[in-house]
Amino acid sequence: MKNRYFKNVVSLKLDKSRCVGCRSCLEVCPHRVFELFEGQSRIRDKDACMECGACAMNCPTDAITVKTGVGCASAILKSIFTGAEPSCECDNSHESDSSCC
Amino acid sequence: MDNQNCSCTNEKKRPTAETTENPDCSCRENQPDQVINAVSCCQMLPTQPSGNTVTRAGRNAHWIIGEIDTPIGIVPVIAPSLNKKDILDGWKVRWGINRMNYKINPGLYGMGSPDQDSPILVSCNYKLSFDALRKELTGLNVWILVIDTNGINVWCAAGKGSFGIKEIVARLIGTRLKEIVSHRKIILPQLGASGVKAQAVFKESGFRVIYGPIRARDIKAFLEADMMISDSMRTVSFTLYDRLVLTPIELVGTIKQSLMIFGVLLLLNFVVKEPFGLIDVGAYVGAVLTGCVLTPVLLPVIPGRAFAFKGWLLGLMGTLAIIAFSHQTISSGISLVGLFGYLLIFPAIAAYYAMNFTGSSTFTSHSGVQKEMRVAVPGLLFSIGAGGLLLLISHLF
């Protein structure tokens, strides 16, 4: 059985007019969200997107936009209390402060 | 995120540029011949003898099995298989032991007998990831460029930016790779792509980035096929095994809260009429196990999309089972108030821990988790609060 998350929540957008069909997004996407159609990229499975941002990062023409962020409830919970941006920082990290730098 | 399980830590200040001669500060191991200033070992870095050693692996690095002479110095050769210590240490890390400090020195390493034409694989300095990589490279002759991600796996480090352009470029220049190899290509793990802009790396270092397979076990096939890659090598999975190995750390994370809760129950037992007993503790432990282990393991077959709902559903079934069991074994059973308390509190606890597993999964988006939390967090807070109150009342009177 496949792991699937919610439908219609993902912030991924592809501006077709900017796409040059270089396949970069197809190469970096870990969920096969994109496919090539008539020499251009198009979104094949938007709900599979986990907003990691790899496609937008590697798109040479900035045709892709996505609001990236951690898909992690405890990170978001923590950010509510600390007021900081949610980031991937699991607990007990302070225990490692014995090493310098 | 992560499957590649978010072994995250606070971003600390990392050494900048040309860091090869400045192994990040596990100085005690790396400079056995120097008097170690434990207070600020970093300050000593510029004075350490760099000589013609490209990478300082550290004296305790048992996985170094030789060295290669290159035009710019000696590069350590790593073992293509894991020994007992590697495996044991890896399991400890899965259980949270030394997890935040399980790293190796960044720099250039060799596998087999690489030469100027051998491919360059880029990896992070989390030893669990590094081991997963090297055990798949038996029989290959490759260079491995380990960059400093502060002991974080590639995917998480890419999300945080430490597996990124700046560090990769600095490491490429610092190791003087251009003098070691004749080609200008580096292979990055595909999951590093969220932190790297391939074009920018090329512009700044002259090396062309090729995104290799997601899983280390596909690298051999990828290299043998002239770097042709299949869709399945490009797609991240989240198999039963992937999920299972992530559950110990979830459990370990609950120990502190659990001990506090047991402490409170113990204190309450001095004042309540009906003391909290094995059934209560059992129900709590069951809820934690449901959220941290059972839900992750059964994840794709549990109905629903929201992790919290999946956990709640299993938690509800477990709670009903425990209520039934208690009515069988205890003559008086659980009071009606206590029963409602049970139904409110224990499925909610399971739901909470299941929700936290979103951070370990490989497919949840930020927007999706936010959507889930908008409903789940107020719901769970109310449920746990009201359930706790009812449970207390049922025991008080």
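A few points about this structure:
- Residue in the stretch B:172-187 that is under 22 Å from A:C59 (Cβ atoms), within 10 Å of another protein chain (Cβ to nearest Cβ) and not charged (D, E, K, R) present: no
- Test: B:S232 is within 11 Å of another protein chain (Cβ to nearest Cβ) and open to solvent by 50 Å² or more (accessible area, probe 1.4 Å): yes
- Residues that are touching a Pro at 6+ places or on another chain (Cβ under 9 Å), within 10 Å of chain B (Cβ to nearest Cβ) and open to solvent by 70 Å² or more (accessible area, probe 1.4 Å), drawn from the stretch A:65-82: A:I80
- Filtering the stretch B:241-259 to residues that are open to solvent by 30 Å² or more (accessible area, probe 1.4 Å) and in contact with a Leu (Cβ under 9 Å, 6 or more places away or on another chain) leaves only B:L251.
- Scan of the stretch B:93-117 for residues that are at negative phi, more than 14 Å from chain A (Cβ to nearest Cβ) and surrounded by fewer than 19 Cβ atoms within 10 Å (Cβ to Cβ), ordered by number: B:S113, B:D115, B:Q116, B:D117
- Total residues in the stretch A:46-64, condition part of a helix (DSSP H, G or I), open to solvent by 40 Å² or more (accessible area, probe 1.4 Å) and facing chain B (nearest Cβ under 7 Å): 1
- Residues of the stretch A:1-45 satisfying the condition of being away from chain B (no Cβ under 14 Å), open to solvent by less than 30 Å² (accessible area, probe 1.4 Å) and part of a loop (DSSP other than H, G, I, E, B): A:C19, A:G21
- In the stretch B:352-378, the residue that is surrounded by the most Cβ atoms within 10 Å (Cβ to Cβ) out of those that are touching a residue at least 60 places away in the same chain (Cβ under 8 Å) and not in a helix (DSSP H, G or I) is B:T364.
- Matching option when the condition is under 17 Å from B:L246 (Cβ atoms), open to solvent by 40 Å² or more (accessible area, probe 1.4 Å) and either not aliphatic (A, V, I, L, M) or not assigned by TED's automatic domain parsing to the domain that holds B:W95 (or both), among B:L381, B:L316, B:L289: B:L289
Yes or no, residue by residue, for (1) of a type in the set (A, V, I, L, M); (2) surrounded by fewer than 21 Cβ atoms within 10 Å (Cβ to Cβ); (3) assigned to a helix (DSSP H, G or I); (4) under 28 Å from the mean Cα position of the chain (by Cα):
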position: B:I168; (1), (2), (3), (4): yes, no, yes, yes
position: B:I173; (1), (2), (3), (4): yes, yes, yes, no
position: B:L188; (1), (2), (3), (4): yes, no, no, yes
position: B:L191; (1), (2), (3), (4): yes, no, yes, yes
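- Matching residues, the stretch B:208-249, being within 25 Å of B:K92 (Cβ to Cβ), in contact (Cβ under 8 Å) with a residue 40 or more places away in the chain and of a type in the set (D, E, K, R): B:R217, B:D242, B:R243
- Residues of the stretch B:193-206 that turn out to be outside any helix (DSSP H, G or I) and more than 9 Å from chain A (Cβ to nearest Cβ), as a count: 1
The values are calculated or read from the model by the stated rules, or taken from the named source; none is laboratory data. All figures in this text were calculated on a predicted structure; none of them were measured in a lab. In this analysis, Cβ positions are derived from the backbone assuming ideal geometry, glycine residues included, and neighbour counts consider all displayed protein chains. Each accessible area value is taken on the protein alone, full model and side chains, heavy atoms only, with ligands, DNA and RNA left out. Shrake-Rupley method; radii C 1.70, N 1.55, O 1.52, S 1.80 Å.
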